[in-house]
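The numbers here are math on the coordinates, done by the rules we state, and not lab data. Note that this is a predicted model, so its numbers are computed, not measured. Reconstructed Cβ throughout: ideal geometry from the backbone, glycine too, with neighbour counts over all protein chains shown.
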């Protein structure tokens, strides 16, 4: 077994196994982990003895709960911010284009950066402990790591609902939405790894080991989600939710009221534009957004309120949707003076 203490690499027969190893931090990704994972995936892509790669999280709580956001709010951090998102998004793209079967065992919490190293893989395996969310608007950010690409490609406008509200989904809902494509209970994970180590084809193996995750509660609200979140603005979404008249809509309305108004408008435009973009263009757009949003007030205030002081009372600026102008949003989406994200061959 090799790697640093935070990320471990080993080969088991024909399987390349990656373990995100920060269980006390819910396996949150650091820049060093991103670099190590990128290098090892490149190596295994060329290794004829490795037929598949599987990534998992250490501990019993999380696959990966996101990126190391506390590192992003340190003073005078512009160079780190540039490098972190450039290299994370390049890793996301490597996974999306990976030439060998890439299996993400999404056991436990999977949010933010954890979604980026799982949902783009060829096989996404949910368990009875899976808990998915893209909660970025709650810290003044936008649903990145490829959210521009995969969220608008979920059924109906489910992706916009998830990206704006940060709603949490368990295994059955993830399968219904297409965020996961297999369900393997924890007591069969050893059989999964053993079969992959023997060089068995993942699709066949997952079909044999897969179980029934049960009904998907989110399916009951599909029509309401489409009615409300097909609106042409965040303000109209909230107006429709206010007249929907059921508990689900009331919870969604309350969630949107807690989010950064600027982040909501950025995410709304981002996800709608992503419908027409290929993966690389989506990541280029997200890189533009990251370089404007992360140094800004709302991200730092959101992280302070939720993760540092934990008073859960962020003071957003601007404080209301009405105060967020089209010109402000246009500026966030504009090309970067120093050039957009590029990808190595």
Relative to the longest principal Cα axis of the chain, at what angle does helix 31-45 sit, 0 to 90 degrees, rounded to 10? 40 degrees
Binning every alpha carbon pair distance of region 67-112 at 10 Å from zero, what are the percents per bin? 21, 40, 30, 9, 0
Can you list, bin by bin at 5 Å, the percent of alpha carbon pairs in region 221-345, starting at 0? 2, 9, 17, 19, 18, 17, 12, 5, 2, 0, 0
What ranking do 22, 168 get, fewest neighbouring Cβ atoms within 10 angstrom at the top? 168, 22
Where labels lie 7 Å past Cα in the beta-carbon direction, separation of residue 70 and residue 243 in nm: 4.6 nm
In whole Å, how far is the Cα centre of region 289-345 from that of region 135-170? 16 Å
Per the Debye formula with a single identical scatterer at each Cα and no solvent contribution, what log10 I(q)/I(0) holds for the chain at q = 0.07 Å⁻¹? -0.28
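Give, to the nearest whole percent, the P(r) tail of region 1-109 beyond 25 angstrom, counting all Cα pairs.
Here the long-distance tail beyond 25 Å is 20 percent of all Cα pairs in region 1-109.
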Per residue, how much space in cubic angstrom lies within the convex hull of the C-alpha atoms of region 122-188? 86 Å³
Note: residue 201 to residue 320 extended length (0.36 nm per residue) minus current alpha-carbon separation gives 37.7 nm
According to a simple spin-label model (label point 7 Å from Cα along Cα-to-Cβ), what is the distance in nm between residue 47 and residue 292? 4.2 nm
Label model pair residue 5, residue 80: point-to-point distance (7 angstrom along the Cα→beta-carbon line) in nm is 1.8 nm
